[in-house]
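Below is one structure; the comments refer to it alone.
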Amino acid sequence: MRKILGSGLINAVAAAALMSVVGCAQGTGEGNTPEQPQSLRDVQIPQDFTFATSRAVSVTVSANAETLGAETGALEVARADGRVLYRGPLSVSQPLSLNLSVPTKDDVVKLRLSANGQEHTADVSLGANGGTYTF
């Protein structure tokens, strides 16, 4: 019985060693070698590429008297992740134009307008330069 276990163990070790040698030999043939790393001098960056991680946008928000139900309301403008960009009043008589800095990955801002115990929300898509919304 001991002799069978010993030869089984030897066979298992031999099989594992053979598999590791065969596995390491894969992909070493011609044509399978990776390209040599390029020099930084060889890297070409397109002329219209920008390294900027944020952009300036203009968001214009207005509200009509029926929606607002009061002369002024409290406006909050936030990024999609919830980070607040602006908090302040919004008047029926005057649209609010905000110049904001947003991450280049953001293509929408969230609006929340509170007045007379009511709350209104909206998403504003940001084009190349910003967006507009009327409550």
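Just going by the charge dipole of segment 54-134, with Lys and Arg at +1 and Asp and Glu at -1 on Cβ, which of S91, V102, A63 is farthest out on the positive end?
Positive-end residue among those listed: V102.
At F49 and D123, where each label point lies 7 Å from the Cα along Cα→Cβ, what is the point-to-point distance in nanometres?
About 3.1 nm, to one decimal.
Jot down the radius of gyration and Dmax of segment 44-94, Cα atoms only, both in angstrom.
Reported Rg and Dmax, both Å: 17.2, 57.
In a solvent-free Debye calculation with one equal scatterer on each Cα, what is log10 I(q)/I(0) for segment 80-135 at q = 0.19, 0.30 Å⁻¹, listed in the order of the q values?
Each listed q corresponds, in turn, to -0.74, -1.66.
Bear in mind that the values in this text are calculations on the coordinates, not laboratory data. Please read all numbers here as calculations on a predicted model, not as lab measurements. Positions of Cβ are generated from backbone atoms using ideal geometry, with glycine treated the same way; all protein chains shown enter the neighbour counts.
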